[in-house]
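Everything on this sheet refers to the single structure shown next.
Please treat every number below as a calculation from the coordinates, not as lab data. All values derive from a computational prediction rather than experimental measurement. Here the Cβ is made from the backbone with ideal geometry for all residues, glycine too, and neighbour counts use every protein chain on show.
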């Protein structure tokens, strides 16, 4: 046996759920990552399965280069660090941000790291360049995307730092929700419930969640949403205006469909602020510039995460104001990764968590 073969066979190996072709994942063995420079290897303790992962899995992202390892909602423990890492040490419990910015382009210099022109996505989240993600025993990341995990926060909840931060960024920083304002959230998936919990923590007045699926609305009630509207049973416009006679101050589209975006526009009254938070499917909706002008409705959107939103998300969890883990409805091991993706189609599915 050659020295090279003996070396390779002697290398520690991890398990990784590898997307080998669209719709097909294989559990394979791969060499444990070896960090150098400013890199760290993180033992994955929990990784959320996001709709972005599901879209990549199904092949709706043809730019996704295979084979690859998906999973960008990651929490774990630092296993090993490169020589240049000074802020983290082996054994530290951490959260991983999925956005790796270049730090040099115009958007990075403005603090808009989610719009980095040269950004890299961990696990396939948003950016054009992609590196392997968290559906594995270990993940290799630059130390600049690591955040300390509070001891009081579970790994499952900490893995949802990114979607909670996206909700905070969308509702607070972009839609600028103010104390006592009435809010409508369209969609009660993971981000819809995160938006709802942010809204309740921020002191929203009346807050209503609209969905077609009664099982998801039951989960919404479970996290504290008082007003749920099943749009398969009642007219959502009438239900909203029965609850909010003057109309909503803020409407957030979080269902990810063009019909939901059209409903958001329909629900708006004069000066309503609309956030197109969830739509990532191609298509168009009709908007009248004249109507926008005379009603002064404001239409914006919020995409991905920033360091500020990551830190706010962690603080909300550390202070006990929000526990995103309450949205988890299904948990799977790495060996059950096929079942995890199948669960994305279940009517009672909100958040799916993978625990390697």
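A few points about this structure:
- Computed lengthening from residue 308 to residue 110, 0.36 nm per intervening residue step minus Cα-Cα distance: 70.0 nm
- Sorting 22, 135, 88 from the fewest to the most surrounding beta carbons within 10 angstrom yields 22, 88, 135.
- Shape of segment 164-301, Cα gyration tensor, a/c cut at 1.5: rounded
- Counting DSSP beta bridges with both ends in the chain, the antiparallel % (nearest 5): 55 percent
- Gyration tensor analysis over the Cα atoms of the chain returns equivalent ellipsoid semi-axes of 38, 21, 19 Å (largest first, whole Å).
- Label-to-label distance for residue 152 and residue 285 is 3.8 nm, based on points extended 7 Å past Cα in the beta-carbon direction.
- Measuring between their Cα centroids, segment 325-356 and segment 38-100 lie 17 Å from each other.
- For the chain, the longest principal axis of the alpha carbon atoms and the long axis of helix 190-201 meet at an angle near 60°.
- Projected label distance in nm at residue 346 and residue 235, using a 7 Å step from Cα toward the beta-carbon: 3.6 nm
- Degrees, to the nearest 10: 258-267 long Cα axis against longest axis of the chain: 40 degrees
- Over the residues of the chain, the helix contribution to mean residue ellipticity at 222 nm works out to -7000 deg cm²/dmol, using -39500 (n - 2.57) for each DSSP H run of at least 4.
- Residues of segment 293-315 with amide N under 13 Å of the 7 Å Cα→Cβ point at residue 206: none
- The label-point distance for residue 27 and residue 339, in a model that sets each label 7 Å from Cα toward Cβ, rounds to 1.0 nm.
- Length released on extending from residue 89 to residue 58, taking residue separation times 0.36 nm less the Cα-Cα span: 7.4 nm
- Cα-based values for segment 230-317, radius of gyration first and Dmax second, are 14.9, 43 Å.
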